[in-house]
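Below you'll find the structure, written out as structure tokens, and then a few comments.
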Amino acid sequence: MLRRLVPVAGVLTLLMLTACSSTVALKPEPDSNNPACAEVTVRLPDAVGELSRRWTDAQATAAYGDPTAVIVACGVEVPGPTATLQCVTLDGIDWLVDDSQAPKMRMTTYGRNPAVQVFVDTKLVGANEVLSNTGLVSGIRTIKATGQCTAPAELPK
């Protein structure tokens, strides 16, 4: 009996080590313990396009792709009105788009508290594909909109 358990234990240990090696190290955001972030997190999809979800080590976060192409974080600082960032509406959700680190883009929900931020490496996946993902959208829609873009634009490709 013991002889059969040793190989099984070895395989289980190997599987656990393999699973741990792909964890994405992130820091929790200031309001990540907001109950609304839990609602967003449980609705996040297993994949965005062809990118599979990976484990993260921070509350209210998600990562997709290997290498990481998409990071989602709930509980970021709620942004106020801005004259420097483009505000776009996609699938009924308003986003402030920061493309200052192009080809990487940072999109933050506008008019929702807590705010959700999505960081996308557009070399690996399109921002429209990520933000149009029904899994992301359904979770974010659980946060009531209290504001909106005044002159929304289209999301850059």
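The values are calculated or read from the model by the stated rules, or taken from the named source; none is laboratory data. If you're wondering where the values come from, they're calculated on a predicted model, not measured in any experiment. Here the Cβ positions follow ideal geometry from the backbone for every residue, glycine too, while neighbour counts run over all protein chains shown. Quick note on the areas: whole protein, heavy atoms, side chains included, nothing else; ligands and nucleic acids left out. Shrake-Rupley method; radii C 1.70, N 1.55, O 1.52, S 1.80 Å.
If you filter the range 79-100 down to residues that are free of Cβ contacts under 8 Å to residues at least 40 places away in the same chain and among the hydrophobic types (A, V, I, L, M, F, W, C), you find that the one that is least open to solvent (accessible area, probe 1.4 Å) is LEU96.
In the range 53-69, what count of residues is obtained for those that are closer than 17 Å to ARG141 by Cα and open to solvent by 60 Å² or more (accessible area, probe 1.4 Å)? Residues in the range 53-69 being closer than 17 Å to ARG141 by Cα and open to solvent by 60 Å² or more (accessible area, probe 1.4 Å): 0 in total. The sole residue among VAL72, VAL76, VAL48, VAL40 that is at pLDDT below 95, β-branched (Val, Ile, Thr), closer than 29 Å to ALA151 by Cα and surrounded by 12 or more Cβ atoms within 10 Å (Cβ to Cβ) is VAL48. Pull up the range 103-138, narrow it to residues that are out of contact with any Asp or Glu (no Cβ under 7 Å at 6 or more places or on another chain) and open to solvent by 70 Å² or more (accessible area, probe 1.4 Å), then point me to the one that is modelled with the lowest pLDDT. Per the criteria, the residue is THR134. Can you tell me which residue within the range 139-157, out of those that are surrounded by 15 or more Cβ atoms within 10 Å (Cβ to Cβ) and closer than 16 Å to PRO45 by Cα, is modelled with the lowest pLDDT? Per the stated criteria, the residue is GLY139.
Could you tell me which of the residues ALA127, ALA145 is within 20 Å of ARG53 (Cβ to Cβ) and among the hydrophobic types (A, V, I, L, M, F, W, C)? After applying the criteria, what remains is ALA127.
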